[in-house]
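*Asks:* Take a look at the following structure, please.
The values are calculated or read from the model by the stated rules, or taken from the named source; none is laboratory data. What you see is a predicted model; the values in this text were computed from it and never measured. Here the Cβ positions follow ideal geometry from the backbone for every residue, glycine too, while neighbour counts run over all protein chains shown.
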Amino acid sequence: MFAFQSPQTVQQPPPLFSKHLECAATRSSCRPRPCSFCTLNPAISTSTTTADKNHVIQRLCQKGELKRALRVLSQEPNPTQRTYELLILSCAHQGALAEGLDVHCHLSENGSDQDPFLATKLINMYSELDAIENARKVFDETRNRTIYVWNALFRALTLAGHGNEVIDLYRRMKRVGIPSDRFTYTFVLKACVASEGVLSFSQKGREIHAHILRLGYEGHVHIMTTLVDMYARFGCVKCAGIVFGEMSQKNVVSWSAMIACYAKNGMPFEALELFREMMLKTHDLLPNSVTMVSVLQACGALAALEQGRLIHGYVLRRGLDSILPVISSLVTMYARCGKLDRAQQVFDKMDERDVVSWNSLISSYGIHGFGEVAIQNFNEMIISGISPSPISFVSVLGACSHAGLVEDGKMMFDSMVREHRIFPSVEHYACMVDLLGRANRLDEAATIIEEMRIEPGPKVWGSLLGSCRIHCNVELAERASARLFELEPTNAGNYVLLADIYAEAKMWHEVRRVKKLLEARRLQKVPGRSWIEVKRKIYTFASVDELNPQIEQLHALLLKLSMELKEEGYVPQTGIVHYDLDSEEKERILLGHSEKLAVTFGLINSTKGETIRITKNLRLCEDCHSLTKFISKYTKREILVRDVNRFHYFKDGVCSCRDYW
DNA sequence: ATAGGGTTAG
């Protein structure tokens, strides 16, 4: 059979006998009405030769007729390597595990299972079919393990989330003295990300990085880009930046990886800046849809509506507006910039939708406080034939939580397992704790945690602590924070929350104790920041901001506003100030909050009638919330504030959150 | 001899 195969005929099976020769000669006419040989019928007689049967199987595989191919296989005593390969690929492609096992069996009986080429293909097949055990078995049973076989198993294990195993295997491979190749590293680096344990980053990642440099791969674009991505996923923006900066060759993927690194690690300014640099510095590289997704994400994070609109324009000009991930990120961008109606419009214009597009829409309504609409969209998604993903539930449960729809949320949570066979993750439990906790059903929230079937992570305890803050439950807060201090000792936010709760309860001694703990561990509270986009420029504010040239003017106006509004009924919420000071001092501290400065800046610098849009990196404090309501009423301005969790839309002295947040 | 790799939305 191989004798017939010359390089040119690899793609087209070789003409083997006259009947097929006819077919090959008249291929054009053969297409619409295939000849009887090509369709080859179940009636393949026993008299057909081995070569013929191989050919038939190959044709059937290429046409996706797996079942018939297998039927012929069962009559075929001696399939070629190529035939097996096509069968394996076909099984993988069609998600046919049972058939794949049949092929594997056949191949073992034939003694072909020691062929490292086929072993590689089998491992890939099992990987695609989510049968990692079988992939491992193929590896174990293959005696002649070429680097292809090793790499295939690395890839399979990484995709299945067994990162640690890959690292161990890789080390074993090195010990045994098998040389790795450039492909090995892209898989092993990804495995570092998928591996568990605190030490994964410092030990494994750096270890592999060192090997890569020692082997002289520092000029290899694929490997270096993966390295950038690895550091990005570890949250080490600095390391990613260094690798990126030292790359001798960069392509669109490398740039996109670095932009995504900034966007995903809370540095949206830097993401936009790098995108600008890419556009200016590289003339042969065009950003692609993947790049734009990260850029849009950054716009959304900054609530930079004007920037976002510009990018949207660019997306349209480049014709990237029909790509699903791009549209979904446009929906999210508009919603996060406060333009819920625009988000809905973009969504409406899609001709094709997937779960992610729906999830974008659902969470958009969620952060704007429209819980019912979110649920409605969730149901519409199901009616349209798309099954919810775990993220769909995160989105809809979050929406219920923001809107105080406790019963709906509980029903949703129950339906997860019952109707959709989706088992709740830590994320979902955190949503439920939040939902119940906000609604002042703290006992129920605590019960949920007790009854969890998986280990409650910091997200879950954090939700509980946040709810304790809202409802001033010192006792439960102490329990939650004790767990949190164990689980994430370096997260300053948890200490601050606990101190807030003690302060509200006027337990000054305890406040000082927590603050000392913070100092002893050399942790710093994340400073509150707010920002506002005015005429496509973004201005940021911090409570100790002396850089803004208008700062004096802002302070003066704020003081005047607060005095006037006190006469209208504004009462400064001094209870949230951590220090045991007199009330005048406390008021002064409150007036320094960054969102008040941003609102005032907006009042001065935007045109009347324009909505003022503010973004804040933390949760909105009660005092700012209260004062902003008054400001919206007495200055007749609409003010939109997005905090970490959701939107607050202030109009005529009321907020869209109905004081529930 | 052949084969395979990096960035993506919620």
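*Asks:* With respect to the numbered conditions (1) surrounded by 11 or more Cβ atoms within 10 Å (Cβ to Cβ); (2) out of contact with any Asp or Glu (no Cβ under 8 Å at 6 or more places or on another chain); (3) modelled with pLDDT of 50 or more; (4) of a type outside the set (D, E), which one is the sole condition not fulfilled by A:H20?
*Replies:* Failed condition: (3).
*Asks:* Need a quick list: helices (runs of 4 or more DSSP H) entirely within the range A:256-323 having at least 3 residues that are touching a residue at least 24 places away in the same chain (Cβ under 8 Å) and buried (at least 24 other Cβ atoms within 10 Å of the Cβ).
*Replies:* Qualifying helices (runs of 4 or more DSSP H): A:289-302.
*Asks:* Any residue that is within 7 Å of DNA strand B (Cβ to nearest atom) and either touching a residue at least 40 places away in the same chain (Cβ under 8 Å) or not basic (K, R) (or both) - is there at least one of those in the range A:329-338?
*Replies:* For the range A:329-338, residues within 7 Å of DNA strand B (Cβ to nearest atom) and either touching a residue at least 40 places away in the same chain (Cβ under 8 Å) or not basic (K, R) (or both): present.
*Asks:* Related question: Within the range A:292-313, take every residue that is of a type in the set (A, V, I, L, M, F, W, C) and under 23 Å from A:S656 (Cβ atoms) and give me the one that is nearest to DNA strand B (Cβ to nearest atom).
*Replies:* Here the answer is A:A301.
*Asks:* Among the helices (runs of 4 or more DSSP H) confined wholly to the range A:347-411, which include 1 or more residues that are β-branched (V, I, T), within 14 Å of DNA strand B (Cβ to nearest atom) and in contact (Cβ under 8 Å) with a residue 12 or more places away in the chain?
*Replies:* A:355-367, A:390-403
*Asks:* Here are A:T120, A:T80: which of them is within 16 Å of DNA strand B (Cβ to nearest atom), under 20 Å from A:D140 (Cα atoms) and either out of contact with any Lys or Arg (no Cβ under 7 Å at 6 or more places or on another chain) or outside the structural domain of A:I132 (by TED's automatic domain parsing) (or both)?
*Replies:* Criteria check complete, one pass: A:T120.
*Asks:* Go through A:G609, A:G592, A:G602 for me and flag whichever is surrounded by fewer than 19 Cβ atoms within 10 Å (Cβ to Cβ), of a type outside the set (S, T, Y) and touching a residue at least 40 places away in the same chain (Cβ under 8 Å).
*Replies:* A:G592
*Asks:* What tally of residues in the range A:502-531 results from selecting those that are within 18 Å of A:C624 (Cα to Cα) and over 32 Å from the mean Cα position of the chain (by Cα)?
*Replies:* 2
*Asks:* Right, another one. State whether the residues of the range A:127-144 include one that is under 32 Å from the mean Cα position of the chain (by Cα), near DNA strand B (Cβ under 8 Å from one of its atoms) and either under 26 Å from A:G95 (Cα atoms) or touching a residue at least 40 places away in the same chain (Cβ under 8 Å) (or both).
*Replies:* No.
*Asks:* Since A:I242 meets every condition but one in (1) in a loop (DSSP other than H, G, I, E, B); (2) surrounded by fewer than 16 Cβ atoms within 10 Å (Cβ to Cβ), which condition does it not meet?
*Replies:* Here A:I242 clears every test but (1).
*Asks:* Within the range A:264-283, is there a residue that is touching a helix residue (DSSP H, G or I) at 6+ places or on another chain (Cβ under 8 Å) and farther than 25 Å from A:V644 by Cβ?
*Replies:* Yes; the residues of the range A:264-283 include at least one that is touching a helix residue (DSSP H, G or I) at 6+ places or on another chain (Cβ under 8 Å) and farther than 25 Å from A:V644 by Cβ.
*Asks:* Here is a further query. For the range A:213-232, give me each residue that is assigned to a helix (DSSP H, G or I) and near DNA strand B (Cβ under 9 Å from one of its atoms).
*Replies:* Scanning the range A:213-232 gives A:V221, A:H222, A:I223, A:M224, A:T225, A:T226, A:V228, A:D229, A:M230, A:A232.
*Asks:* Among the numbered criteria (1) over 15 Å from A:C624 (Cβ atoms); (2) surrounded by 19 or more Cβ atoms within 10 Å (Cβ to Cβ), which single criterion is violated by A:D580?
*Replies:* (2)
*Asks:* Kindly list the number of the only condition in (1) crowded, with 17+ Cβ neighbours inside 10 Å; (2) β-branched (V, I, T); (3) outside any helix (DSSP H, G or I) that fails for A:T490.
*Replies:* Every condition holds for A:T490 apart from (1).
*Asks:* Can you tell me which condition A:E475 does not meet? The list is (1) in contact with a Lys or Arg (Cβ under 9 Å, 6 or more places away or on another chain); (2) surrounded by fewer than 22 Cβ atoms within 10 Å (Cβ to Cβ); (3) among the charged types (D, E, K, R), and all the others hold.
*Replies:* Answer for A:E475: the failing condition is (1).
*Asks:* Would you tally the residues in the range A:71-101 being more than 37 Å from the chain's Cα centre (by Cα), surrounded by fewer than 21 Cβ atoms within 10 Å (Cβ to Cβ) and assigned to a helix (DSSP H, G or I)?
*Replies:* The qualifying residues number 3.
*Asks:* Suppose we filter the range A:137-148 for residues that are crowded, with 19+ Cβ neighbours inside 10 Å and out of contact with any Leu (no Cβ under 6 Å at 6 or more places or on another chain); how many remain?
*Replies:* Of the residues in the range A:137-148, 1 are crowded, with 19+ Cβ neighbours inside 10 Å and out of contact with any Leu (no Cβ under 6 Å at 6 or more places or on another chain).
*Asks:* For the range A:562-575, which positions are crowded, with 18+ Cβ neighbours inside 10 Å and in a helix (DSSP H, G or I)?
*Replies:* Scanning the range A:562-575 gives A:S562, A:L565.
*Asks:* Right, something else. When you scan the range A:602-620, do you find a residue that is farther than 18 Å from A:I551 by Cβ, assigned to a helix (DSSP H, G or I) and outside the structural domain of A:R513 (by TED's automatic domain parsing), even just one?
*Replies:* no
*Asks:* For the range A:432-463, what are the residues that are within 24 Å of the chain's Cα centre (by Cα) and part of a helix (DSSP H, G or I)?
*Replies:* A:M432, A:V433, A:D434, A:L435, A:P458, A:K459, A:V460, A:W461, A:G462, A:S463
*Asks:* Consider A:L316 carefully, then state whether it is over 21 Å from A:S415 (Cα atoms), within 11 Å of DNA strand B (Cβ to nearest atom), modelled with pLDDT of 95 or more and out of contact with any Pro (no Cβ under 8 Å at 6 or more places or on another chain).
*Replies:* For A:L316, the condition - over 21 Å from A:S415 (Cα atoms), within 11 Å of DNA strand B (Cβ to nearest atom), modelled with pLDDT of 95 or more and out of contact with any Pro (no Cβ under 8 Å at 6 or more places or on another chain) - is not met.
*Asks:* Quick one: A:S289 ticks every box in (1) within 11 Å of DNA strand B (Cβ to nearest atom); (2) touching a Leu at 6+ places or on another chain (Cβ under 7 Å); (3) closer than 18 Å to A:H209 by Cβ except a single one, so which number is it?
*Replies:* A:S289 satisfies all of (1) within 11 Å of DNA strand B (Cβ to nearest atom); (2) touching a Leu at 6+ places or on another chain (Cβ under 7 Å); (3) closer than 18 Å to A:H209 by Cβ except (3).
*Asks:* Return only the number of the condition from (1) among the charged types (D, E, K, R); (2) in the same structural domain as A:K515 (by TED's automatic domain parsing); (3) surrounded by 15 or more Cβ atoms within 10 Å (Cβ to Cβ) that A:D434 does not satisfy.
*Replies:* For A:D434, the failing item is (2).
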